[in-house]
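Enquirer: Dumping the structure here so I can ask a few things about it.
The values are calculated or read from the model by the stated rules, or taken from the named source; none is laboratory data. Computed from a predicted structure; not experimentally measured. All Cβ positions, even for glycine, are placed from backbone atoms using ideal geometry, and neighbour counts span all protein chains on display.
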Amino acid sequence: MTTAIEEGQLRFEFGNSWSVERYDGQEGSGNQRGHGFYRNSVSKLPETKAVDFVGISNHHGDSCLIEVKDFRGYRIQNKKRLATDELAREVAFKVRDSAAGFVGAKRNYPHIGVLHSVADNLVNPEKDVRVVLWLEDDTAINDRSWKAELATLTDRIKSYRRWFTTKVLVVGLSTHANQPPDLVVTNLAGAGRPNP
């Protein structure tokens, strides 16, 4: 059974090979709601950050922490975040805080599903932990320069995450060939336009 989760103007459909949940605690219902453990425990600490989704890819049993950013229609407001280390640091903080939350979930709530499995992977050197930044931006139409920008951003995130994992992937709809397997991402109505 596929799992569909909407984030911003994007719909993520994770195939049967995934066990995945929203983690970050935004409001909604079902898979849109966010993980109760994060909402009710971890987020109580001010300034705590979280990745959007967490999952296990059953192809390899590897963990995947996914952060989604859709800057389409907001290029000017986010230009500095892309041109400096600001976005890379933000993703690094979200991964750090999320990893601590997964360990807390395993320690205090042993039957918490995906978070339990991810926490096991965090301390198992035989398993990979992948950080995925799904990034959409108005400049993604120029394929060559956009891929160069994504490569630079990937290196920046790796520089902050090296102590945790070197498996970092920055992708978007225009670079879908590099995306995680058994994942289909589509635009929702109104994608690319600022929200009123």
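Enquirer: Looking at Asp70, Asp120, Asp97, Asp85, which one is touching a Gly at 6+ places or on another chain (Cβ under 9 Å), at pLDDT 85 or above and acidic (Asp, Glu)?
Expert: Asp70
Enquirer: Within region 13-28, is there a residue that is in contact with a His (Cβ under 8 Å, 6 or more places away or on another chain) and modelled with pLDDT under 80?
Expert: Yes, some residue in region 13-28 is in contact with a His (Cβ under 8 Å, 6 or more places away or on another chain) and modelled with pLDDT under 80.
Enquirer: So which residues in region 83-118 are of a type in the set (Asp, Glu), part of a helix (DSSP H, G or I) and in contact with a helix residue (DSSP H, G or I) (Cβ under 7 Å, 6 or more places away or on another chain), if there are any at all?
Expert: As a first pass, look at region 83-118 and keep what is of a type in the set (Asp, Glu): 85-86, 90, 97.
Pick out the ones that are also part of a helix (DSSP H, G or I) and you get 86, 90, 97.
Of everything in region 83-118, just one residue is of a type in the set (Asp, Glu), part of a helix (DSSP H, G or I) and in contact with a helix residue (DSSP H, G or I) (Cβ under 7 Å, 6 or more places away or on another chain), namely Glu86.
Enquirer: Let me ask something additional. Considering region 123-139 alone, what residues qualify as being assigned to a helix (DSSP H, G or I) and either at pLDDT 85 or above or not polar (S, T, N, Q) (or both)?
Expert: The first filter runs over region 123-139 and keeps only residues assigned to a helix (DSSP H, G or I), leaving 138-139.
Within region 123-139, Asp138 is the sole residue that qualifies.
Enquirer: If I filter region 33-47 for residues that are in contact with a strand residue (DSSP E or B) (Cβ under 6 Å, 6 or more places away or on another chain), surrounded by 15 or more Cβ atoms within 10 Å (Cβ to Cβ), modelled with pLDDT under 90 and not charged (D, E, K, R), do I get at least one hit?
Expert: Yes: one or more hits.
Enquirer: Against the condition aromatic (Phe, Trp, Tyr) and surrounded by fewer than 20 Cβ atoms within 10 Å (Cβ to Cβ), how does Phe102 come out, does it pass? Can you show your working first?
Expert: On the way: aromatic (Phe, Trp, Tyr): yes; surrounded by fewer than 20 Cβ atoms within 10 Å (Cβ to Cβ): no.
Taking the combined requirement at face value, the residue does not satisfy it.
Enquirer: If you go through region 95-119, how many residues are closer than 16 Å to Glu21 by Cα and not aliphatic (A, V, I, L, M)?
Expert: 8
Enquirer: Sticking with this structure for a sec: For region 5-25, give me each residue that is assigned to a loop (DSSP other than H, G, I, E, B), in contact (Cβ under 8 Å) with a residue 60 or more places away in the chain and on the phi < 0 side of the Ramachandran plot.
Expert: Gln9, Gly15, Asn16, Ser17, Tyr23, listed by residue number.
Enquirer: Filter region 109-154 down to the residues that are free of Cβ contacts under 8 Å to residues at least 24 places away in the same chain and more than 21 Å from Asp62 (Cα to Cα) and list them by number. Reasoning before the result, please.
Expert: At the first step, the residues of region 109-154 found to be free of Cβ contacts under 8 Å to residues at least 24 places away in the same chain are 110-111, 116, 119-120, 123-126, 142, 144-145, 148, 151-152, 154.
Hits for region 109-154 are Asn142, Arg144, Ser145, Ala148, Ala151, Thr152.
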